[in-house]
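**Student:** Have a look at this one.
The values are calculated or read from the model by the stated rules, or taken from the named source; none is laboratory data. For clarity, every value in this text was computed on a predicted model and none was experimentally measured. FYI the Cβ positions are ideal-geometry reconstructions off the backbone, even for glycines, and counts take in every protein chain you see.
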């Protein structure tokens, strides 16, 4: 057994994508769901006993979570058969780390771990890479401070950050000002080590992996409807979390890239195996189907409490659509690749209510608009809406895209290069390893053409 994952081929720093000589074809799996992988490690570390995790995503973001939990006393190793084994310390059993916790590029790691730390009575120091240090943490600091935790950070609550957990945490009821699964999860995780009931009220349903997994480990969680379509999620503090095996389904956010590639490269027919279809994560598929995409679900089943299926995808003509703001919580990470699909569609696509994209790994709203413009696509931003005028044929391409350390911008524009008249080059492919280390070889197996740019 080892603490380290298998060695993977690094993603080249500069990559170029060109239209392949033949349609894309084949059957491929995608890596494990990043959101579920983070939560499996965290709750496994807080449980009593050994949690066995199959299909864990071995990207940089998830490995950063594993390293942070090891630094606080959990034993986490990778078995030779690829399973990850987590020997938990029990709820409240984490220990003060000896060194600064570096979470790299992972916003999920940062916000969820701050929730755990908020109700553990010791001080920890948390930092990340240049991109993560720019991202706002105030949205979790505000509710977590109400438990009694203390935070000291840069202006706007940005990393590096010192957090001292509450010695006698107080349960809270927190109404989310905007839908956010990360903020919701941070509050619920803080509530685990807090006596009494902690509740989060969300105005719109967001991804519910935390609630599902809390129940899987034996926590008492209730979900009640709220007026206007929202939900109230309540966790009862001080449960005895018991280790439980987890099978991580394929990540729908990662599946989005081969899915859209198969739709926009003429003549393609691809099957993407073992994709998680949690209803809070299927917004992109719904949008693409409204645009005329040929996507069918095969071999539908359940794995680890999550619905799963194989996606069979055929290329065809896409048409523009009006994407409502209410869909954003179920597909916030998929807008870069949806914009690529829109660029290859006929007619106008309007994506509404994308304010959250401005505070992701980069300002994704600006990054998408600038990149599409460089590729000859007519696009403009009105307030928080992104409007893409479909090319009615293949986009021009022929551009260099500045990814700004954003893995999803990088992969989205490589997919655009597969459909464009001229190759598309990205300036830095290395951030792709944070969520999809096998992106290049997987896409190459389908017939994609990538070259390392010099």
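**Student:** Within segment 231-261, how many residues turn out to be in a loop (DSSP other than H, G, I, E, B) and within 30 Å of residue 310 (Cα to Cα)?
**Tutor:** Let us first name the residues in segment 231-261 that are in a loop (DSSP other than H, G, I, E, B), namely 237-241, 243-245, 248-249, 251.
Restricting the remaining residues to those that are within 30 Å of residue 310 (Cα to Cα) gives 243-245, 248-249, 251.
Residues in segment 231-261 being in a loop (DSSP other than H, G, I, E, B) and within 30 Å of residue 310 (Cα to Cα): 6 in total.
**Student:** So, restricting to strands (runs of 3 or more DSSP E) that lie completely within segment 1-118, which ones have at least 2 residues that are modelled with pLDDT of 95 or more and surrounded by 22 or more Cβ atoms within 10 Å (Cβ to Cβ)? If you could, list the steps in order and put the result at the bottom.
**Tutor:** On the way: elements: 15-18, 25-29, 50-54, 75-78, 84-87.
Counting at least 2 such residues, we get 50-54, 84-87.
**Student:** Going by what's in this entry, would residue 212 be described as surrounded by fewer than 24 Cβ atoms within 10 Å (Cβ to Cβ), under 18 Å from residue 151 (Cβ atoms) and in contact (Cβ under 8 Å) with a residue 24 or more places away in the chain? Before the answer, list the steps.
**Tutor:** On the way: surrounded by fewer than 24 Cβ atoms within 10 Å (Cβ to Cβ): yes; under 18 Å from residue 151 (Cβ atoms): no; in contact (Cβ under 8 Å) with a residue 24 or more places away in the chain: yes.
So residue 212 fails the test.
**Student:** For segment 167-176, state whether one or more residues are within 23 Å of residue 102 (Cα to Cα) and either touching a residue at least 12 places away in the same chain (Cβ under 8 Å) or under 20 Å from the mean Cα position of the chain (by Cα) (or both).
**Tutor:** So the first thing to find is which residues in segment 167-176 are within 23 Å of residue 102 (Cα to Cα), and the list is none.
No, every residue in segment 167-176 fails to be within 23 Å of residue 102 (Cα to Cα) and either touching a residue at least 12 places away in the same chain (Cβ under 8 Å) or under 20 Å from the mean Cα position of the chain (by Cα) (or both).
**Student:** List the number of the failed condition for residue 142; all other conditions in (1) over 22 Å from the mean Cα position of the chain (by Cα); (2) outside any helix (DSSP H, G or I); (3) surrounded by fewer than 18 Cβ atoms within 10 Å (Cβ to Cβ) hold.
**Tutor:** The one condition residue 142 does not meet is (2).
**Student:** Would you be able to tell me the number of residues in segment 282-303 that are closer than 24 Å to residue 209 by Cβ and crowded, with 22+ Cβ neighbours inside 10 Å? Show your work before the answer.
**Tutor:** So the first thing to find is which residues in segment 282-303 are closer than 24 Å to residue 209 by Cβ, and the list is 282-289, 295, 297-303.
Keeping just the survivors that are crowded, with 22+ Cβ neighbours inside 10 Å gives 283-285, 287-288.
Total satisfying the criteria: 5.
**Student:** Please give the strands (runs of 3 or more DSSP E) falling wholly within segment 328-406 in which 2 or more residues are surrounded by fewer than 17 Cβ atoms within 10 Å (Cβ to Cβ), assigned by TED's automatic domain parsing to the domain that holds residue 260 and at pLDDT below 95.
**Tutor:** Values: elements: 348-351, 378-382, 385-389.
Ranges flagged: 378-382.
**Student:** Any residue that is within 26 Å of residue 61 (Cβ to Cβ) and touching a strand residue (DSSP E or B) at 6+ places or on another chain (Cβ under 6 Å) - is there at least one of those in segment 380-391?
**Tutor:** yes
**Student:** Also: Find the residue count for segment 380-399, including only residues that are touching a residue at least 24 places away in the same chain (Cβ under 8 Å) and more than 25 Å from the chain's Cα centre (by Cα). Please lay out each step first, then the result.
**Tutor:** Filtering segment 380-399 down to residues touching a residue at least 24 places away in the same chain (Cβ under 8 Å) leaves 384-392, 394-399.
Remaining after also requiring more than 25 Å from the chain's Cα centre (by Cα): 389-392, 394-399.
So the count comes out to 10.
**Student:** Next up: If the requirement is being over 21 Å from residue 264 (Cα atoms), in contact with a helix residue (DSSP H, G or I) (Cβ under 9 Å, 6 or more places away or on another chain) and touching a residue at least 24 places away in the same chain (Cβ under 8 Å), which of these qualifies: 414, 357?
**Tutor:** Working: 414 fails: over 21 Å from residue 264 (Cα atoms).
None of the other options fit; the residue is 357.
**Student:** Let me ask something else about it. State which residue is farthest from the chain's Cα centre (by Cα) when the search covers only segment 223-244 and only residues that are over 20 Å from residue 42 (Cα atoms) and surrounded by fewer than 16 Cβ atoms within 10 Å (Cβ to Cβ). Write out each step before concluding.
**Tutor:** We begin by selecting, within segment 223-244, every residue over 20 Å from residue 42 (Cα atoms); these are 223-232.
Subset that is surrounded by fewer than 16 Cβ atoms within 10 Å (Cβ to Cβ): 223-229, 232.
Details: 223: 23, 224: 25, 225: 25, 226: 26, 227: 28, 228: 27, 229: 24, 232: 23 Å.
For segment 223-244, the residue satisfying everything is 227.
**Student:** Restricting to segment 407-437, what's the tally of residues that are part of a helix (DSSP H, G or I) and over 16 Å from residue 13 (Cα atoms)? Outline the logic, then answer.
**Tutor:** Pass one, segment 407-437, residues part of a helix (DSSP H, G or I): 407-419, 430-434.
Still in the running and over 16 Å from residue 13 (Cα atoms): 415-419.
Within segment 407-437, residues that are part of a helix (DSSP H, G or I) and over 16 Å from residue 13 (Cα atoms) number 5.
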